[in-house]
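Quick notes on the structure that follows.
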Amino acid sequence: MKIKKAVFPSAGLGTRFLPATKAIPKEMLPLVDKPLIQYCVEEAHASGIEEIVFITGRGKRAIEDHFDISFELETTLREKKKTAILNKIRHISEDLTYIYTRQKKALGLGHAVLCAKNIINNEPFAVFLGDDIIDAKVPAMKQMIKVFTKYQTSILAVQRVPKKHTHMYGIIKGKKVADGLYKVEDVVEKPEKNPPSNLAIIGRYILTPEIFTQLEKNKKGSGGEYQLTDAIKGLLKTQAVYAYEFEGERFDAGDKVGFLKANIHMGLKNKETAVELRKFIKRLF
Ligand code: UTP
């Protein structure tokens, strides 16, 4: 089975970035010159995904406009022979199919994924959280799809986090089966104490369609929201789930410090900004 569809839950309220996110979706905040969500869509594209399913909400229209063709802008750029910029804005719009559906109320990540049920049908699919930015030689989702191809079951991207941060993540208990690969025995959402490990689930998943049965049974969990982790816990009773420690550097750009670090990282990689930015940083110390 091939992973062709990716769900992008993008209906969260982005409260940690208020007031910046009052009128602009968090997903549209820029890292250098591209919105956060574009980095993830590009990762999906480079991993062989063909269809992107955005779960949006009120105030998220900018995401639809961003991935649409902008006729006026493209005509102007063409007339002015600004081919390089034109290519930058076109590339991603053309190769992928975009589908939008709304989560009417931000009831949690699990509820957001459930909103994609009728679009996904009965096939395994990827999930991307648009504020987790991963810079990797081989795109993180591509690494995961490789693992999926072998095991044909749900794969969770995990990363080791300091013990003092485990209360911020879904944490797995797992048995190592290969280098960087664990058979998941349990998952706990944001453990207050006694985390089963320091392997945290981050914003990339491959899920089998059976997750929808679990999401439908889901009850409100941590933070009074419908959690995806709780549905994965249910899935574990019927199917094997693996956790994969991907290779690459991840930034939690949904958090202020993580966002600033991601901007510096990308700024230092960008030809237009690297030299000046490096000089500026050196001057600070
Ligand atoms: P976050 O926990 O980062 O929440 O959601 P948030 O609302 O985006 O941001 P803060 O915490 O208020 O600052 C993780 C992912 O799940 C999506 C978000 O859009 C984000 O991609 N999400 C969350 C939904 O789509 N719907 C929800 O009800 C909750």
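Since every read-out is calculated from the coordinates, none of them should be taken as a lab result. What you are looking at is a predicted structure, and each value in this text was computed from that prediction instead of being measured. Please note: Cβ atoms are built from the backbone with ideal geometry, for glycine as well, and neighbour counts cover all protein chains shown.
Does region 131-200 come out rounded, prolate or oblate, given a ≥ b ≥ c as the square roots of the eigenvalues of its C-alpha gyration tensor, rounded meaning a/c under 1.5 and, failing that, prolate meaning a/b above b/c? The shape class here is oblate.
Qualifying GluC sites (Glu not before Pro) in region 202-285, where qualification requires a DSSP coil assignment and no more than 15 other C-beta atoms within 10 Å, comprise E247, E272.
Given R₀ = 22 Å, what would the calculated FRET efficiency be for A20 paired with E64, taking r from the Cβ atoms and rounding to 0.05?
Values: r = 20 Å, r/R0 = 0.90.
Once rounded, the FRET efficiency stands at 0.65.
Here the contact order of region 136-241, divided by its residue count and restricted to Cα pairs under 8 Å and six or more residues apart, works out to 30 percent.
A Cβ-based charge dipole, computed about the Cα centre of region 205-278 with Lys and Arg at +1 and Asp and Glu at -1, lands at about 140 debye. Sequentially through region 200-205, phi angles give Karplus couplings (6.51, -1.76, 1.60; θ = phi - 60°) of 9, 7, 10, x, 9, 9 Hz, Gly and Pro residues having no value and appearing as x. In the chain, helical runs assigned H by DSSP with n ≥ 4 each contribute -39500 (n - 2.57); averaged across all residues and rounded to the nearest 500, the mean residue ellipticity at 222 nm is -10000 deg cm²/dmol. Rounded to the nearest whole Hz, the Karplus-based 3J(HN,Hα) values (6.51 cos²θ - 1.76 cosθ + 1.60, θ = phi - 60°) of region 56-69 follow the sequence 10, x, 4, x, 10, 4, 4, 5, 4, 5, 4, 9, 9, 7, with x at glycine and proline. In region 87-179, a dipole from Cβ-located charges (positive for Lys and Arg, negative for Asp and Glu) runs towards its positive end, and of C115, L129, I171 it is I171 whose Cα lies farthest in that direction. Under the rule a/c < 1.5 gives rounded, and otherwise a/b versus b/c splits prolate from oblate, where does region 42-175 land using the Cα gyration tensor? Because a/c hits 1.5 or more and a/b exceeds b/c, region 42-175 counts as prolate.
Charge dipole (Cα centre; +1 on Lys/Arg Cβ, -1 on Asp/Glu Cβ; no other charges) of the chain amounts to roughly 700 debye.
Annotation: for a label point projected 7 angstrom from Cα along Cα→Cβ of K146, residues of region 45-66 with backbone N closer than 18 Å are 45-49.
Residues F280, F285, F17, arranged from fewest to most other Cβ atoms within 10 angstrom of their Cβ, appear as F285, F280, F17.
Contact order for the chain, expressed relative to its length and based on alpha carbon pairs under 8 Å spaced 6+ residues apart, stands at 22 percent.
Both numbers refer to the Cα atoms of the chain; Rg and Dmax are 19.1, 62 Å.
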